[in-house]
Structure formats: structure tokens, C-alpha cells
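Everything below concerns the one structure shown next.
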Amino acid sequence: QVYLVESGGGLVQPGESLRLSCVSSVGNIFRMYAMAWYRQAPGKQRELVACINSGERPDYTNVARGRFTISGDNAKNTVYLEMNSLKPEDTAVYYCYFQISTVVLGRRNYWGQGTQVTVSS
């Protein structure tokens, strides 16, 4: 069953922007612990891009700091990633991640299926 669905990926030129969205359909949420974006480039390991832990300010890794903005809407169970000044090295499959506790299943990690971002001239 698919719980997280990403959208917004695509092909852009260097310097352009994209906004990724990820909607969660997980029901009976007791608590949302974290929302995050990861990415995986060809031949490389999946890496963290940005995250929001419950009650804390957003946090960014070096690849994102200053160019990307993560935001979440708990009411809509949605997380966004605004990406500006994109570079060819940002080319990757981007995955959203939620850590959620539900009444039935307890605390679990949920992953989206990924959306391709390609930055090329």
C-alpha cells in the first residue's frame, strides 16, 4: 500500500527552481515525529537533504542549506521542498519520509516512491 505520494519533479535548467510536494495518506495518526526529504543520485547512497522534527526548526544538510526550503503542513499531512538555484549535481531521485505514530501500528517510518529531478542544460 502506498502511503506517501510525491509530485513536482521534472527536468529543469541550471539556476531554475522546482517545488516538490509529498502527501501522506496514513490514517489514524497519533503523532507526527518528523518529515524529511532525501535524495539518491545514480551510483550513490541515499542522503538526507532536509528535515523537520516535531517542535523544532527545519534543519538542512550542506547540499541544501541556503538554496532549499522545507516546510510542512500537518493539517494536510503534506511536506514541501522548495529548491532554488538548482545545479546539475542536484540531479537525483528525491524521496519524502515521514515518521508517524498511529493508533494501530505504533511508531513507523514511511517512504515515498520517489520523484525524479534532473538539472541539465
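The values are calculated or read from the model by the stated rules, or taken from the named source; none is laboratory data. In this text, all values refer to a predicted model and were calculated from it rather than measured experimentally. We place every Cβ from the backbone using ideal geometry, glycine too, and count neighbours over all the protein chains shown. Side chains included, ligands, DNA and RNA excluded: accessible areas come from the protein's heavy atoms. Shrake-Rupley method; radii C 1.70, N 1.55, O 1.52, S 1.80 Å.
One table, with the values for the structure above:
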quantity	calculated
Base-10 log of normalised Debye intensity for the chain (one unit scatterer per alpha-carbon) at q = 0.17 Å⁻¹	-0.79
Pairwise label distance in nanometres, GLN113 with VAL2, each label 7 Å out on the Cα-Cβ vector	0.3 nm
In Hz, Karplus ³J(HN,Hα) per residue of segment 45-58 (6.51, -1.76, 1.60; θ = phi - 60°; x = Gly, Pro)	7, 5, 10, 6, 9, 7, 8, 10, 8, 3, x, 10, 6, x
Förster radius 22 Å - calculated FRET efficiency between ARG65 and LEU11 (Cβ-Cβ, nearest 0.05)	0.35
Chain lengthening between GLU89 and SER121 when straightened (0.36 nm per residue, less Cα-Cα)	10.3 nm
Per residue, in Å², the accessible surface of the chain once ligands and nucleic acids are set aside, probe 1.4 Å	55 Å²
The chain: relative contact order as a whole-number percent, Cα under 8 Å and 6+ apart	37 percent
Alpha-carbon centroid distance for the pair segment 87-121 / segment 16-85, whole angstrom	7 Å
Portion, in percent, of the accessible area of the chain that falls on carbon or sulfur, probe 1.4 Å	45 percent
Segment 64-121 - Rg (one decimal) and Dmax (whole number), Cα, Å	14.3, 48
Given charges at Cβ of Lys, Arg, Asp, Glu: segment 1-120 dipole, positive-most of THR61, MET32, VAL119	MET32
Anisotropy class of segment 28-68 from Cα gyration tensor, a/c 1.5 cut	oblate
Backbone N under 16 Å from the VAL103 label point (7 Å along Cα→Cβ), restricted to segment 17-50	26-32
